[in-house]
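Single-structure report; data block below.
Throughout, read-outs are computed from the coordinates displayed, never taken from laboratory work. Keep in mind the model is a prediction, meaning the values are calculated, not measured. Note that each Cβ is placed from the backbone with ideal geometry, even for glycine, and that neighbours are counted across all protein chains shown.
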Amino acid sequence: MIDIHAHLIPGVDDGSVSYYESVRMLEMACQCGVRALVATPHSNIPIHNNYYGEWFENCFKKLQDLTKEIPITLYKGMEIYLTKDVVDLVKDNKLITINNTRYILIELPVLDLTHNILTNIKSIINANLIPIIAHPERYELFYDDTSLLMQLASQGCIFQVNKGSVLGQFGATAQKLAKYMLKHGLVHIVASDAHSPYQRTTRLDEAYDYICYRYGSEYAKTLFYINPRRILKDENIDRWGFL
Ligand SMILES: [Fe+2]
């Protein structure tokens, strides 16, 4: 499996707090069948004021050195808080896409106006980038009305659901929306959004088994293997294959 969303870089956000925890997270991922993982620290958000730089390269290199015995390939990325200047910050190399592809992992500003969200997403798409909306099923914004979700999909966004939401670990409402999205072919990737080796872990196997059982093995393979691999290779993914 390939995990495109994990807070693995230690000490820079609310994810892993140490290299010890990061190594444990990668061991756990390996044990459940993950073979590639994208480190995606929170970025462009005031409380985690993380912009790309030497610190990122140094931490990433150290993590690679500490885990070279673990058969997982690490890739660089960021979970980027949506603001109107995301495209400029990418052009300035202050924010990075997943593995330097067109795919950019986006965290939505839940308190912002719908109009601003759509406008800022549009500016990303106009820059020939492809927004991957991180865990849409966790935003109250979509709970009573899925039309914004559909607008984002028709703009060209793709959706990454958290494995914890599928399993009910973020509450009944997030699970309900995750299931609705799975049923209607609105999920393109499932990722761990792992924050530690203790809670919100890197284990993907339970969610994979659940989706295999409830929705079929072809869908599960698409969400955990095929689409994440296409993202890493900067290939197009089938957005409506299950509708
Ligand atoms: Fe995250």
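Tell me, how many Å apart are the Cα centres for the stretch 170-243 and for the stretch 71-100? First find each Cα centre; the distance between them is then 21 Å.
Dividing the helix sum by the residues of the chain, where each DSSP H run of 4 or more adds -39500 (n - 2.57), gives a mean residue ellipticity at 222 nm of -11000 deg cm²/dmol. In terms of overall dimensions, the C-alpha atoms belonging to the chain reach 45, 43, 32 Å along their principal axes, ordered largest to smallest. Restriction of the trypsin sites (Lys or Arg not before Pro) in the stretch 1-92 to DSSP coil positions whose beta-carbon has at most 16 other beta-carbons within 10 angstrom yields Arg35, Lys68, Lys84. The trypsin sites (Lys or Arg not before Pro) of the stretch 148-243 that DSSP puts in a loop, and whose beta carbon has at most 15 other beta carbons within 10 Å, are Lys233.
When all alpha carbon pairs of the stretch 68-181 are counted in 10 Å bins from zero, the resulting P(r) reads 14, 43, 31, 12, 1 %. The charge dipole of the chain, taken about the Cα centre with unit charges on the Cβ atoms of Lys, Arg (+1) and Asp, Glu (-1), comes to about 500 debye, rounded to the nearest 20. Put in order of Cβ neighbour count within 10 Å, fewest first, the listed residues Asp92, Asp193 become Asp92, Asp193. Can you pull out the GluC sites (Glu not before Pro) in the stretch 1-92 whose DSSP state is coil and whose Cβ has at most 16 other Cβ atoms within 10 Å? Here the sparse-neighbourhood loop sites are Glu69. Each residue of the stretch 59-72 was assigned a 3J(HN,Hα) from its phi angle through the Karplus curve 6.51 cos²θ - 1.76 cosθ + 1.60 (θ = phi - 60°); the sequence is 5, 5, 4, 4, 5, 4, 5, 6, 10, 5, 7, 8, x, 10 Hz, with glycine and proline shown as x.
Consider a paramagnetic label point 7 Å from the Cα of Tyr198 along Cα→Cβ; state which residues of the stretch 26-47 have an amide N under 17 Å from it. Output list for this probe position: 26, 28. Could you work out how far apart the two model spin labels at Asp14 and Val110 are, taking each label as a point 7 Å from the Cα in the direction of the beta carbon, and quote it in nm? Label at Asp14, label at Val110, 0.9 nm between them. Taking the square roots of 5 times each eigenvalue of the Cα gyration tensor of the stretch 8-78, largest first, gives ellipsoid semi-axes of 21, 12, 11 Å.
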